[in-house]
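Accompanying notes for the structure given below.
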Amino acid sequence: MFSHVAVLGAGQMGSGIAQVIAQKDISVQLVDLNEAALKKAQSKIKNSLEKLYKKKLITLTPDEVLQKIQFVSDINSIKQSELVIEAVPENQNLKSKVFKQISDTVSANTIIASNTSSISLTYLAENVSHPQRVAGLHFMNPVPLMTLVEIIRAEQTSDSVFEKLCQFTVFLDKTAVSSKDKPGFIVNRILMPMINEAVFALQESIASAEDIDKAMQLGCHHPMGPLALADLIGLDTCLSIMEVLEEGLGEKYKPCPLLKKYVAEGRLGKKTGKGFYTY
Ligand SMILES: NC(=O)c1ccc[n+]([C@@H]2O[C@H](COP(=O)([O-])OP(=O)(O)OC[C@H]3O[C@@H](n4cnc5c(N)ncnc54)[C@H](O)[C@@H]3O)[C@@H](O)[C@H]2O)c1
């Protein structure tokens with residue numbers, strides 16, 4: 001298995017991914033340009049580890065796990081990594097730029113994966129040398145608790161890279177499903193239109209946010225309502241995913257104007273303290 005892994009982007013997904021890898025005693029470098037994001041990631045990981053350790057869900061102590069993670073702002077420190085997982089915001093141009101940077105920094109054997117929710121891996125792979133080492137490794141939020149990982153094969157992905165990522169997923173105690181490289185893959189192809197429709201229901205005043213969520217929780221047995229889930233994911237991320245679905249799959253996936261309005265106002269959900277709910 002890998003002994004050095006780097007994760008780019010220390011937001012809610014990157015921090016969770018770094019944590020679950022370090023829990024398996026693997027050295028992780030968690031990279032973010034923003035020092036405040038690195039600090040926040042460190043305290044979030046510490047809190048999560050303490051809860052998991054108390055419940056006896058992890059064997060290493062929180063300190064032992066934290067010692068496996070290096071919080072860094074310089075991408076040059078990932079040179080040694082055998083696997084790099086990109087988890088920067090859901091923006092095609094930004095991810096392309098970051099993929100190029102990774103390719104210029106690491107060795108030709110390093111596997112380069114993206115945690116993208118919707119963007120084409122085949123497109124991202126065009127930004128790196130040896131594109132057969134690129135694939136999607138899509139963890140779910142919150143990473144320490146959710147057991148699914150979608151593995152997405154780019155057109156260029158080699159069989160051996162795909163196999164290694166499947167084995168790595170199992171090693172992390174997660175379950176892998178494999179998806180073709182189509183917009184939104186499996187989960188977001190189905191989940192995001194439902195969230196978008198819930199926003200339309202709110203926009204059309206069919207019901208309050210609370211009642212829309214309650215209806216889906218009690219009527220469909222969902223663990224949380226679609227609007228609360230959108231707040232957890234981040235409304236900016238939801239909008240970016242809908243835009244990728246609309247561009248790739250057509251009109252039917254048009255983002256709801258209310259979702260666009262909230263994002264334009266900086267109302268991004270839990271991470272900004274206000275979305276469909278106030279936190
Ligand atoms: N939020 C979710 O529920 C969820 C679930 C699955 C997948 N994803 C995907 O994971 C990715 C990250 O989402 P998130 O919710 O963690 O975003 P986030 O906004 O919480 O974090 C992104 C982080 O990337 C950092 N960043 C920006 N540019 C960078 C660069 N060039 N180099 C290093 N770091 C950089 C930012 O400072 C920020 O800390 C996206 O592709 C998203 O679609 C999100």
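Values as computed for the structure displayed
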read-out	value
Residue within region 114-127 that is over 22 Å from residue 21 (Cβ atoms) and among the aromatic types (Phe, Trp, Tyr) present	yes
Inter-residue pairs, beta-carbon under 6 Å, first within 19 Å of residue 223 (Cα to Cα) and in region 167-193, second assigned to a loop (DSSP other than H, G, I, E, B) and small (Gly, Ala, Ser), 6+ apart	188/117; 188/118
Selection from region 103-124 of residues that are part of a helix (DSSP H, G or I) and either crowded, with 24+ Cβ neighbours inside 10 Å or at pLDDT below 95 (or both)	121, 124
Leading residue by the ranking (nearest to the chain's Cα centre (by Cα)) among those in region 201-245 that are more than 14 Å from the ligand (Cβ to nearest atom) and of a type in the set (Gly, Ala, Ser)	225
Exclusive hit being within 16 Å of the ligand (Cβ to nearest atom), within 27 Å of residue 151 (Cβ to Cβ) and surrounded by 23 or more Cβ atoms within 10 Å (Cβ to Cβ), set 49, 8	8
Output for region 12-36, where each listed residue is within 12 Å of the ligand (Cβ to nearest atom) and crowded, with 19+ Cβ neighbours inside 10 Å	12, 13, 14, 15, 16, 17, 18, 29, 30, 31, 32
Residue in region 75-90 that is away from the ligand (no atom under 15 Å from the Cβ), surrounded by 15 or more Cβ atoms within 10 Å (Cβ to Cβ), outside any helix (DSSP H, G or I) and on the phi > 0 side of the Ramachandran plot present	no
Selection from region 239-274 of residues that are more than 14 Å from residue 196 (Cβ to Cβ) and in contact (Cβ under 8 Å) with a residue 24 or more places away in the chain	247, 248, 267, 268, 269, 270, 271
Within region 138-170, considering residues that are charged (D, E, K, R) and assigned to a strand (DSSP E or B), the one nearest to residue 185 (Cα to Cα)	150
Candidates 143, 177, 134, filtered to the one that is farther than 20 Å from residue 93 by Cα and touching a helix residue (DSSP H, G or I) at 6+ places or on another chain (Cβ under 6 Å)	143
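The values are calculated or read from the model by the stated rules, or taken from the named source; none is laboratory data. All figures in this text were calculated on a predicted structure; none of them were measured in a lab. Cβ coordinates were reconstructed from backbone atoms using ideal geometry, including for glycine residues, and neighbour counts include every protein chain displayed.
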